[in-house]
Amino acid sequence: MLETALKGSPRYWGWLGILLAVMGIGGAMYMWQFTVGLTVTGLSRDVSWGFYIAQFTYLVGVAAAGVMVVLPYYFHHYKDFKKLIILAEFQAVAAVIMCLGFIVVDLGQPTRMLNVLRYPTPNSILFWDMVVLNGYLLLNIVIGWVSLQHERNHVEPPKWVKPLVYTSIIWAFSIHTVTAFLYQGLPGRHYWLTAILAARFLASAFCSGPAILLLVAMLVRKVSDYDVGDKAIKALAKIVTYAMAVNVFFFLLELFTAAYSNIPGHMHSFEFLFAGHDGHMSYVSYLMWVAAILAIASLALLIPPKFRDNMKLLPWSLAILIAASWIDKGLGLLIGGFTPNAFEGVTPYAPTLPEIMISLTVYAMGIFVLTILYKVAVSVKREVA
Amino acid sequence: MNNSRRSFLKYAGVAAAAVAATPVVRAVASSGGAAHGPEVGKLPTQKIAGRWAMVVDTRKLVKEADFEPLIEACHKVHNVPHLPDEKREEEIKWIWTDEFEHTFPEFMSRWPKGRVPTTLNKPYLLLCNHCEYPPCVRVCPTKATFQRADGIVLMDFHRCIGCRYCMAGCPYGARSFNFSDPRAYLPEEEINMEFPTRVQGVVEKCNFCAERLAKGLRPACVEASKGALLFGDLDDPSSEVSRAVRNNFVIRRKPELGTQPNVYYIV
């Protein structure tokens, strides 16, 4: 089936070429980081995780979000999602590959990473995150590939796929819950030490992930003849809207708890994120305000059906939502969690150019995988049509 | 075949060590420290304890100059590199100082203008707390950081993958990461050949001088402190730390987190 990825238009090959070029440049940057160490990043003793781990966290959400399509289709037999299923499963595959990529580029000693397998440590949440992420990757590859292959051969998928599908639905919740547990069980990190973090993670995943899927599906519709259908898009947009409303609500719950309790530790991160520390605004504070405004704007554009069902406006509303959730989770979560530090001090953190280039490489790698998988899917669907 | 011979030798070694350690375990048990047997007990000079602890007498440590010899003694014996100022944010610190309100943030108070108590107006010593329930050990995915039976939290520099989860887990900011090669900042003639230097990409921190305890010596900072730092077995009621904790008002950092630090401060 993979051979279908080898036949494509010049535009297809050009796109893959661009991605390979990005990977080449960033790959060289990574070799530099590998040689001289993580000193090429903006990380410090106080903000010891940054852009890489934030992207990892965001993309786990993107991977988990496939369930917002798979669940209605399999549990509620919502047939309109039929053409979205394969795109969602392959998006999950690409997202998990990027997650693993971001973990690897963040390691100080990547050549030793198999120590996690050689010395399995069940008391470490990172161990469980590795288990659930790799499990989810495997599940989605197997389910997506086998279903597609059987579709190509005009036969029903084998019976053993169904249980795997149901497992993957529950599993999707687990990957983002476990990722939240990485943070929410740490003493002394007030911004993360909250029982609602896992719920917030899921809410933000279930709005931003399907939003990305919808944008990509609309793009696929533009560049190929594969159309998931307006009905599916409208239904998923509705799901995105609900999830975003819940996401914003959960954030306000956090804000209330911190502000009303008046406990300094709980307020400091919010203060830093929105007002700067001691009145000195950092770029993060400005970005967080941008995120807040974008979040409200996305809700204003998504809640009224008149705007939401407008296919010209919808991509913009989704893009605004993605930007808001990315700032919140791809920057604010990590920087706010580490600032102020254990000594109530502020160490500014900003990703450096090499850090951003290496991150772009990981993204390019994921999009490369996604392009090829989507090419296969679209070719097969065209064959059987 | 090779493998089975090796594992046989391994088990034989473990068995021999267990037999050898038995009398020591019994001795500790009879002295009241039944819960924690010592992990290693071969050298006759070795210091053995149920629970190692340190007491910092902040009354005797006032000026920066009082701290310098202790910090230097530690950093010298452990090959802790001194990074240039522009790399301050990547600093490697095993033992260092900070203000009272940064060391004990939960004690923040609003003092009337010009009435800040002099006891607060001086540096405080910071180092790894070797917690009873260390969050760093709980989160480490490879057991590169682990707790010994006597409470000391150690690092295996060869096993660490540099994920820095322990740094996120430690609420005391006691851990440092080698963002670049630490050896580049160690003049060759100053290297202590009896202690390893580290490579880039691993986490490190104070080890309560486990290597010196094994030789029957006290930690380097304690030795250099002229009595301002006390060190000993908290499980032994007659040890100097037990007596100091019993007879003085002592506080610990962030007690509300339940990590049970083993560094006490006399204030």
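Summary table
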read-out: Filtered residue count, the stretch A:118-128, keeping only those that are closer than 16 Å to B:GLY169 by Cα and in contact (Cβ under 8 Å) with a residue 40 or more places away in the chain; value: 2
read-out: Breaking point among (1) within 25 Å of B:THR142 (Cα to Cα); (2) more than 9 Å from chain A (Cβ to nearest Cβ); (3) in a loop (DSSP other than H, G, I, E, B); (4) open to solvent by 30 Å² or more (accessible area, probe 1.4 Å), for B:GLU211; value: (3)
read-out: Test: residue in the stretch B:215-229 that is within 14 Å of chain A (Cβ to nearest Cβ) and charged (D, E, K, R); value: no
read-out: Residue that is farthest from the other protein chains (Cβ to nearest Cβ), among those in the stretch B:162-172 that are open to solvent by 10 Å² or more (accessible area, probe 1.4 Å) and touching a helix residue (DSSP H, G or I) at 6+ places or on another chain (Cβ under 6 Å); value: B:CYS166
read-out: Qualifying residue in the stretch A:75-82 (condition: within 22 Å of the chain's Cα centre (by Cα) and either under 30 Å from A:LYS238 (Cα atoms) or open to solvent by 20 Å² or more (accessible area, probe 1.4 Å) (or both)); value: yes
read-out: Test for A:LEU302: is it among the aliphatic types (A, V, I, L, M), farther than 26 Å from A:ILE97 by Cα and over 20 Å from the mean Cα position of the chain (by Cα); value: yes
read-out: Residue in the stretch B:190-205 that is over 21 Å from B:MET155 (Cα atoms), open to solvent by less than 40 Å² (accessible area, probe 1.4 Å), among the β-branched types (Val, Ile, Thr) and in contact with a Gly (Cβ under 9 Å, 6 or more places away or on another chain) present; value: no
read-out: Check on A:MET113, out of contact with any Cys (no Cβ under 6 Å at 6 or more places or on another chain), open to solvent by 60 Å² or more (accessible area, probe 1.4 Å), within 24 Å of A:GLN33 (Cβ to Cβ) and not hydroxyl-bearing (Ser, Thr, Tyr); value: yes
read-out: Qualifying residue in the stretch A:250-259 (condition: within 17 Å of A:CYS207 (Cα to Cα), at pLDDT 95 or above and surrounded by 13 or more Cβ atoms within 10 Å (Cβ to Cβ)); value: yes
read-out: Given (1) in contact with a Phe, Trp or Tyr (Cβ under 9 Å, 6 or more places away or on another chain); (2) on the phi > 0 side of the Ramachandran plot, number of the condition B:GLY114 does not satisfy; value: (1)
read-out: Hey, B:PHE179 buried (at least 19 other Cβ atoms within 10 Å of the Cβ) and either assigned to a loop (DSSP other than H, G, I, E, B) or within 14 Å of another protein chain (Cβ to nearest Cβ) (or both) or not; value: yes
read-out: All positions within the stretch A:255-290 that are assigned to a loop (DSSP other than H, G, I, E, B), within 16 Å of A:TYR349 (Cβ to Cβ) and free of Cβ contacts under 8 Å to residues at least 60 places away in the same chain; value: A:GLY276, A:MET281
read-out: Helices (runs of 4 or more DSSP H) contained in the stretch A:291-385 and holding at least 2 residues at pLDDT below 95, open to solvent by 20 Å² or more (accessible area, probe 1.4 Å) and over 26 Å from A:THR241 (Cα atoms); value: A:353-384
read-out: Search result, residues across the stretch A:114-124 that are in a helix (DSSP H, G or I) and more than 18 Å from A:VAL104 (Cβ to Cβ); value: none
read-out: Test: residue in the stretch B:58-72 that is open to solvent by 20 Å² or more (accessible area, probe 1.4 Å) and within 14 Å of chain A (Cβ to nearest Cβ); value: no
read-out: Residue list for the stretch B:86-100, filter: more than 7 Å from every other protein chain (Cβ to nearest Cβ) and either over 16 Å from B:ASP181 (Cα atoms) or surrounded by 19 or more Cβ atoms within 10 Å (Cβ to Cβ) (or both); value: B:ILE92, B:LYS93, B:TRP94, B:ILE95, B:TRP96, B:THR97, B:GLU99, B:PHE100
read-out: Residues of the stretch A:113-123 satisfying the condition of being facing another protein chain (nearest Cβ under 7 Å) and out of contact with any Phe, Trp or Tyr (no Cβ under 7 Å at 6 or more places or on another chain); value: A:MET113, A:ASN115, A:TYR119, A:ASN123
read-out: Lone unmet requirement of (1) away from every other protein chain (no Cβ under 14 Å); (2) farther than 20 Å from A:LEU215 by Cα; (3) open to solvent by less than 20 Å² (accessible area, probe 1.4 Å); (4) of a type in the set (S, T, N, Q) for A:GLN55; value: (2)
read-out: So A:ARG45, is it away from chain B (no Cβ under 14 Å) and either in a loop (DSSP other than H, G, I, E, B) or open to solvent by 30 Å² or more (accessible area, probe 1.4 Å) (or both); value: no
read-out: Residues of the stretch B:105-161 that turn out to be among the hydrophobic types (A, V, I, L, M, F, W, C), more than 12 Å from every other protein chain (Cβ to nearest Cβ), under 25 Å from B:LEU257 (Cα atoms) and out of contact with any Ser or Thr (no Cβ under 9 Å at 6 or more places or on another chain), as a count; value: 4
read-out: Hits in the stretch A:168-212 (condition: open to solvent by 30 Å² or more (accessible area, probe 1.4 Å) and within 13 Å of chain B (Cβ to nearest Cβ)); value: A:PHE181, A:GLN184, A:GLY185, A:HIS190, A:LEU193
read-out: A:VAL60 vs. criteria closer than 19 Å to A:TRP145 by Cα, more than 14 Å from chain B (Cβ to nearest Cβ), open to solvent by less than 30 Å² (accessible area, probe 1.4 Å) and part of a helix (DSSP H, G or I); value: no
read-out: Output for the stretch A:220-236, where each listed residue is in a helix (DSSP H, G or I) and closer than 15 Å to A:LYS79 by Cα; value: A:ASP230, A:LYS231, A:ALA232, A:ILE233, A:LYS234, A:ALA235, A:LEU236
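Conditions (1) free of Cβ contacts under 8 Å to residues at least 60 places away in the same chain; (2) surrounded by fewer than 19 Cβ atoms within 10 Å (Cβ to Cβ), marked per residue:
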| site | (1), (2) |
| --- | --- |
| B:ALA220 | no, no |
| B:GLU223 | no, yes |
| B:PHE231 | no, no |
| B:ARG243 | yes, yes |
| B:ASN247 | yes, yes |
| B:ARG253 | no, no |
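The values are calculated or read from the model by the stated rules, or taken from the named source; none is laboratory data. What you see is a predicted model, and the numbers here were worked out from it, not measured in a lab. Here the Cβ is made from the backbone with ideal geometry for all residues, glycine too, and neighbour counts use every protein chain on show. Heavy atoms of the whole protein, side chains included, go into the accessibility calculation; ligands, DNA and RNA do not. Shrake-Rupley method; radii C 1.70, N 1.55, O 1.52, S 1.80 Å.
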